[in-house]
Amino acid sequence: MNLTLPARPPFSLPSVVRSHGWVQMAPYTADETSGGFDYIDHLPTGKVVRYRVRPDPGGVSVVLDGVLTPAEQDEVKARLAWMLGLDQDFSEFYALAEQEPKLQGAAARAQGRILRSPTLFEDVVKTILTTNTLWAATLRMDRNLVTQFGAPLLGYLTQYAFPTPDRLAGTDEATLRTQTRLGYRAPYVLELAQKVADGSLELEVLKDSGLGTVELRKRLLAIKGIGDYAAANLLMLLGHYDYLPVDSWALKVVSYEWHAGQPVGRKEVEAAFEKWGAFKGLAYWLWDWSYLQNM
DNA sequence: GGTAGACCTGGACGC
DNA sequence: GCGTCCAGGTCTACC
C-alpha cells in the first residue's frame, strides 16, 4: 500500500537523510538514487513492516509491504511524522541564520530537521553506541543488535527491525557483551531495556512532554551511559538546541575555526556559540565546517 | 566542582 | 602472527 505525507515547508527529504549518520545504522538503508531511505519497523501491534520512503512534492511518499489495519496505518503515519519532523518549524532560526555567512542558505536547503528513530528508546541506545568509540565500531554494534535481537521482516531471512525493549530485556549482560561486542556498554543498554520494558522508565513520553530543556536534560542524564555529550545529542533530536554536543570533533573544529589550531576545551566551544542562545546546537550542527573535512 | 583512572573494542603500526 | 599504542565519552572515587 502507498501513503503520501505532507510536510511543513521548507522540506527536503535528502536534507533530513543527510542530517547525520543515523541513515547508515540498521535498520535504516539509504537509497542513494532518490535521496530517500528504507526502514524496517516493529509496530506496537507486533507486526514488522518495511517503509520505502521517497521524496514527493510537498512531503514524502511511502510504500509499505503487506496489509495494515486502519489503526496500524495511523500508527505508521505518526511514526514517520516523528522520524522526519514533518511538522517542525525553523522559521525563527532561519531568520537569524541569514545574518551569519557560515549559516546562510539554511532555509533554502531546508536544513534543521534531524533524522530520528520511531522510538526514543532506539535513539538512546544508538546514542550510547556512539560514545567512546569509532564510527565503524558503532555501526558494527548496531548491526549486531539488530540481527541478533530484532524481529525478522516476514518473508526475509536477513532483514530485521531494531530490537524492542522487551526483546532486549530478556537477554543477559554476558550475552550482550560477547555476541554484540558492546563491551562495557552492555550493562547500560540492558538496564535501559529492562527499565523501559517493566515500565519503571517512561521514555517515550519525553518526546512530547512539554518539559523545559533543563528538566529534560536531567531526565536523560539519569540514564546510565548518558553523559553531557549524549544528553545534548538527544536533546537535539527532541527539538531542544540549548546545549552543545561537545565531542572530540567539536573540540577540533572550534580549535581550527577560532583558535588557530591550538587545543581548546569545552569552555571555548561553549563561548563560540553562546550568542545563539536557544539555537546554539543548531548553529553548531549546520555551521559550514566543509573546509575542515579533510584535516 | 574538578580531576584521574578504568572501562572496551578494533584499527594501525612495528617487529 | 603477535604485542603495543591509540581514539573515543562516561562513570566512579577522590580531593
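Computed from the coordinates by the stated procedures, all read-outs in this text should not be read as laboratory data. Computed from a prediction, not measured in an experiment: that's the story for all the values here. Every residue, glycine as well, gets a Cβ built from its backbone with ideal geometry; the counts of neighbours run over all protein chains shown.
Points to keep in mind about this one:
- Charge-dipole axis of the stretch A:120-237 as Lys and Arg at +1 and Asp and Glu at -1 on Cβ define it, positive-most pick from A:Leu216, A:Ile128, A:Gly170: A:Ile128
- In terms of surrounding Cβ atoms within a 10 Å radius of their Cβ, A:Leu43, A:Leu192, A:Leu153 rank from fewest to most as A:Leu43, A:Leu153, A:Leu192.
- Using only side-chain charges placed at the Cβ, +1 for Lys and Arg and -1 for Asp and Glu, the dipole size of the stretch A:107-168 relative to its Cα centre rounds to 220 debye.
- 12 Å Cα-Cα reach of A:Lys224 towards aspartates and glutamates, excluding residues that sit fewer than 8 places from it in its own chain: A:Glu191
- Spatially proximal lysines relative to A:Lys275 (Cα-Cα < 18 Å; intrachain offsets below 8 disregarded): A:Lys102, A:Lys267
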